1. From the list 115, 130, 108, which one is part of a loop (DSSP other than H, G, I, E, B) and without any contact (Cβ under 8 Å) to a residue 24 or more places away in the chain?
2. Among the candidates 101, 130, 164, single out the residue that is over 17 Å from the mean Cα position of the chain (by Cα) and more than 14 Å from residue 69 (Cβ to Cβ).
3. Only one of 130, 152 is under 25 Å from residue 39 (Cα atoms), at pLDDT 95 or above and not small (Gly, Ala, Ser). Can you tell me which?
4. Please enumerate the residues belonging to the stretch 149-167 that are surrounded by 11 or more Cβ atoms within 10 Å (Cβ to Cβ) and not charged (D, E, K, R).
5. Please go through (1) under 20 Å from the mean Cα position of the chain (by Cα); (2) exposed (fewer than 15 other Cβ atoms within 10 Å of the Cβ) for residue 49 and return the number of the only condition it doesn't satisfy.
6. Would you confirm, using the coordinates I've provided, whether residue 141 is closer than 30 Å to residue 100 by Cβ, open to solvent by 60 Å² or more (accessible area, probe 1.4 Å) and of a type in the set (S, T, N, Q)?
7. Take the residues in the stretch 67-83 that are open to solvent by 60 Å² or more (accessible area, probe 1.4 Å) and not hydrophobic (A, V, I, L, M, F, W, C); name whichever of them is nearest to residue 106 (Cα to Cα).
8. Output the number of residues of the stretch 108-137 satisfying the condition of being open to solvent by 40 Å² or more (accessible area, probe 1.4 Å) and out of contact with any Ser or Thr (no Cβ under 7 Å at 6 or more places or on another chain).
Amino acid sequence: MAPDDRTVDSPSLEQAARQIRRYGLDVDPQAVLVAVRLMAAGARLGQASEVHFARFDLSTGRYRLLADLEDHGGEKSPSDLAASLGVSRATVTGLLDRLERDGLVLRRSSAEDGRSAVVVLTARGAQKLRDLAGEHFGRLQAMVGDLSTEERTTFLDLLGRVTRGIAALTDD
């Protein structure tokens with residue numbers, strides 16, 4: 001068994017039920033188990049994503065920023081990037097510093113409003129995305145390769161519903 005395979009079924013439904021009983025809660029153990037395993041899968045996916053993008057001398061965040069720029073005509077304001085990536089302006093600034101140093105983006109004054117800045121995807125940045133596309137998308141397909149088309153359709157629906165429920169962790 002590979003090290004990563006040991007945590008796939010952990011915790012068990014019985015462990016979740018035992019913990020819930022210990023605290024005297026009226027909560028569905030299966031619902032808790034799904035959420036806990038999803039959080040664990042998200043953490044593992046985040047770690048694997050960083051290893052994956054390191055092959056291309058990128059981080060997940062830097063890749064997402066480049067792809068978002070490309071999807072929006074190669075130009076976007078830092079605040080719009082932060083909003084679409086779901087991160088802070090400070091995080092975007094850190095990502096941009098490295099991307100600019102590597103020649104993948106540049107910052108310049110907005111043509112519409114000289115007081116604000118825009119980020120522009122450089123030819124080198126666009127080439128970087130083209131160069132990694134085949135391997136990147138091939139690995140993404142392989143990651144879900146054990147799922148049928150119907151299962152992927154169902155998974156996308158379920159993932160959308162779970163994603164909408166994430167606010168339950170942060171709402172006051």
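1. 115 is the lone residue from the list that is part of a loop (DSSP other than H, G, I, E, B) and without any contact (Cβ under 8 Å) to a residue 24 or more places away in the chain.
2. Values: 130 fails: more than 14 Å from residue 69 (Cβ to Cβ); 164 fails: over 17 Å from the mean Cα position of the chain (by Cα).
Only one candidate passes the filter, namely 101.
3. Answer to the selection: 152.
4. 153, 154, 155, 158, 159, 162, 166 - these are the residues of the stretch 149-167 that are surrounded by 11 or more Cβ atoms within 10 Å (Cβ to Cβ) and not charged (D, E, K, R).
5. Result: residue 49 fails condition (2) only.
6. Against the criterion (closer than 30 Å to residue 100 by Cβ, open to solvent by 60 Å² or more (accessible area, probe 1.4 Å) and of a type in the set (S, T, N, Q)), residue 141 does not qualify.
7. The qualifying residue nearest to residue 106 (Cα to Cα) is 75.
8. Adding up the residues that qualify gives 16.
The values are calculated or read from the model by the stated rules, or taken from the named source; none is laboratory data. Since this is a predicted model, take the numbers as computed values, not measurements. We place every Cβ from the backbone using ideal geometry, glycine too, and count neighbours over all the protein chains shown. Ligands, DNA and RNA are stripped out before the accessible areas are found, and what is left, the full protein with its side chains, is counted by its heavy atoms. Shrake-Rupley method; radii C 1.70, N 1.55, O 1.52, S 1.80 Å.
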